[in-house]
Amino acid sequence: QVQLVESGGGLVQPGGSLRLSCAASGSSFSLHVLYWYRQVPGKQRELVAVITSGGNTNYADSVKGRFTISRDNAKNTLYLQMNSLKPEDTAVYYCNARFGIWNTWGQGTQVTVSS
């Protein structure tokens, strides 16, 4: 099982970019399917992107063409490159790792898109 710590959130103007990182400690990181979710107060947590152990990716329609999920198994790190950010991207972003019965969440990092 892994433990996850997100970083890279902050305040950015509309149209700007941020890169989130999710550092994992523990074993078998490369075998995990990795996810980015986001949540706005009062709303359900929303799936943003997923990357499989083989590197296949999928995205929510709202972020396609703007966000890129990637992983570096040598560094045990998951990334989310976010470009052309919009105010509606404002949320707490969480990384999630799943392998077998294990399902681990990070603590979240705040992203605020505002002028």
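Sequence-distant contacts, meaning Cα pairs under 8 Å at least 6 residues apart, place the relative contact order of the chain at 37 percent. In a fully extended conformation the segment linking residue 13 and residue 72 would gain 18.5 nm over its present Cα-Cα distance, using 0.36 nm per residue. Ignoring any ligand, DNA or RNA, what whole percent of the accessible area of the chain comes from carbon and sulfur when the probe is 1.4 angstrom? With neighbouring chains kept in place, the figure for the chain is 49 percent.
Take each peptide in 49-56, 84-91, count the other Cβ atoms within 10 Å of every residue, and average; sorted highest first, the result is 84-91, 49-56. The residues of segment 52-96 present an accessible area of 48 Å² per residue when probed at 1.4 Å with all protein chains retained. Treating each Cα of the chain as an identical point scatterer and summing with the Debye formula, the log10 of I(q)/I(0) at q = 0.11, 0.13 Å⁻¹ comes to -0.32, -0.44. By the Stokes-Einstein formula, at 1.567 mPa s and 4 °C, segment 1-47 with its Kirkwood radius over alpha-carbon pairs has D equal to 100 µm²/s.
The values are calculated or read from the model by the stated rules, or taken from the named source; none is laboratory data. This is a predicted model, so every value here is computed, not measured. Here the Cβ is made from the backbone with ideal geometry for all residues, glycine too, and neighbour counts use every protein chain on show. Accessible surface areas use protein heavy atoms only, side chains included; no ligands, DNA or RNA. Shrake-Rupley method; radii C 1.70, N 1.55, O 1.52, S 1.80 Å.
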